[in-house]
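See below for the structure under consideration.
The values are calculated or read from the model by the stated rules, or taken from the named source; none is laboratory data. Predicted, not measured: the structure shown is a model, and the values here were computed from it. FYI the Cβ positions are ideal-geometry reconstructions off the backbone, even for glycines, and counts take in every protein chain you see. Ligands, DNA and RNA are stripped out before the accessible areas are found, and what is left, the full protein with its side chains, is counted by its heavy atoms. Shrake-Rupley method; radii C 1.70, N 1.55, O 1.52, S 1.80 Å.
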Amino acid sequence: MASDKVITFTDDNFDTSVLQAGTPVLVDFWAEWCGPCRALGPTIDALAGDYAGRVSVGKLNVDENPGVTVKYMVRGIPTVMLFKGGQVVEQIVGVADKAEFKKALDKHL
Amino acid sequence: MAAQRREVTIIGSGPAGLTAALYSARANLKPLVIEGLEAGGQLMLTTAVENFPGFRDGIMGPDLMAAMREQAERFGAEIVRGHVHAVDFSSRPFVLTVGDDRIETQTLIIATGASAKLLGLPSERALMGHGVSTCATCDGFFFRGKPIAVVGGGDSALEEAIFLTRFASQVTLVHRRDAFRASKIMQDKALANPKIVVEWNSEVLEMLDPAASAVNGIVLRNLKTGVQKTLAVDGVFVAIGHTPNTSVFKGQLAADAGGYLITHDGSRTSVEGVFACGDVQDHVYRQAITAAGSGCMAALDAERYLESIQPPPITEAASAAS
């Protein structure tokens, strides 16, 4: 398991950890009660391991962090956004497989 | 990674796939179950299931699926994460490609189910995750105190509409006809709910507003009068039915015009040794219990097929005679 590499993003650390980060950042918007989000969890964990040092990978709980959730108008989960230089450059809504995430990530490395 | 060899491989982990896994495991065939992207299937997106026999007070869909999974695993089914990218039925054993892995299997049970259908509007695609959803239990939370619309007129549309009244200020059901297809009990429940209103004979022309990256309305057209209007909503839940997950088998298995796999003599498909069960081959009943029943049939059919192609072990009497 690579889950120790997965960062927890919050309304408080989003500016420094995501928007001002030196590397691209993958943010998984999720919640405890969302079945498909749980299904996606292991894929996100695996990506954190595979891209360690090149992309920072983390999760943002939409229940606990309404600020970022509303700012990016996330109204459906799981939604995964890739941030680069403070901007959203890729977005994947719903459960997708690892290959699809890799394709999206590799475009920006 | 080296190829894995199996006697029975099952694709899909809904009621059909897990029941097939349970029966194959109990037949000591050590089945491999490849979960698929929507692990647990459509019941993972539901709340209370009140029509699965044996649960007097109902059971939550995800709990039912967790129990089915544990029951199959208890008898030796191996359930792995993954999504089948390619199948090759031209040689024996069959070959499946799952990511970087290769699986060789004597028999294949297809239980890939069906996924929610979309309207197909470009604006719908653009606003997915920003107000357009196919999963009320996932996304209802985002519409607390807000007006939303549900598109469709079947049982799932009405069930979603009723569920969404927990959050939304108002739920407008948009339906193409002047009567629902849904069961009587569901219609009575929905129409009695003060938060639910219905736009009959109406279709969705456009979802607004992709430029704002959020839903703020939908454009409806009344099919009888031709009159168009914009309905201000913050979310749209699309519940217009399902489409079978069969694209990976295209050209290799007989399917009907809707893409559903065609089965004969129980669960047999057009390729000997390949069986299908659940919603991927059923656009009529589509219930958890019928899916589970057909999963059992597929496992028994696969078991008999394996017996037919493998000569029985040589008994002592037979070897003494030779």
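Among the residues of segment A:18-27, not a single one is within 14 Å of chain B (Cβ to nearest Cβ) and open to solvent by 10 Å² or more (accessible area, probe 1.4 Å). Taking the conditions (1) assigned to a loop (DSSP other than H, G, I, E, B); (2) modelled with pLDDT of 95 or more; (3) more than 24 Å from B:Glu7 (Cβ to Cβ) in turn, B:Ala214 satisfies each one other than (2). Number of residues in segment A:74-106 that are open to solvent by 10 Å² or more (accessible area, probe 1.4 Å), within 18 Å of B:Cys135 (Cα to Cα) and either without any contact (Cβ under 8 Å) to a residue 12 or more places away in the chain or of a type in the set (Gly, Ala, Ser) (or both): the value is 2.
Taking segment B:221-320 as the region of interest, the strands (runs of 3 or more DSSP E) fully inside it that hold 2 or more residues being closer than 30 Å to B:Leu127 by Cβ and within 14 Å of chain A (Cβ to nearest Cβ) are B:235-238. Just so you know, in segment B:106-148 the residues that are in a loop (DSSP other than H, G, I, E, B) and among the hydroxyl-bearing types (Ser, Thr, Tyr) include one that is farthest from the other protein chains (Cβ to nearest Cβ), and it is B:Thr112. Of the residues making up segment B:5-54, those that are assigned to a loop (DSSP other than H, G, I, E, B), open to solvent by 60 Å² or more (accessible area, probe 1.4 Å) and touching a residue at least 40 places away in the same chain (Cβ under 8 Å) are B:Asn28, B:Lys30, B:Glu38, B:Asn51, B:Pro53.
With respect to the conditions (1) within 14 Å of another protein chain (Cβ to nearest Cβ); (2) charged (D, E, K, R); (3) open to solvent by 10 Å² or more (accessible area, probe 1.4 Å), A:Asp15 lacks only one, and its number is (1). Across segment B:92-104, not a single residue is classified as in contact (Cβ under 8 Å) with a residue 60 or more places away in the chain, open to solvent by less than 60 Å² (accessible area, probe 1.4 Å), touching a Pro at 6+ places or on another chain (Cβ under 8 Å) and within 30 Å of B:Gly235 (Cα to Cα).
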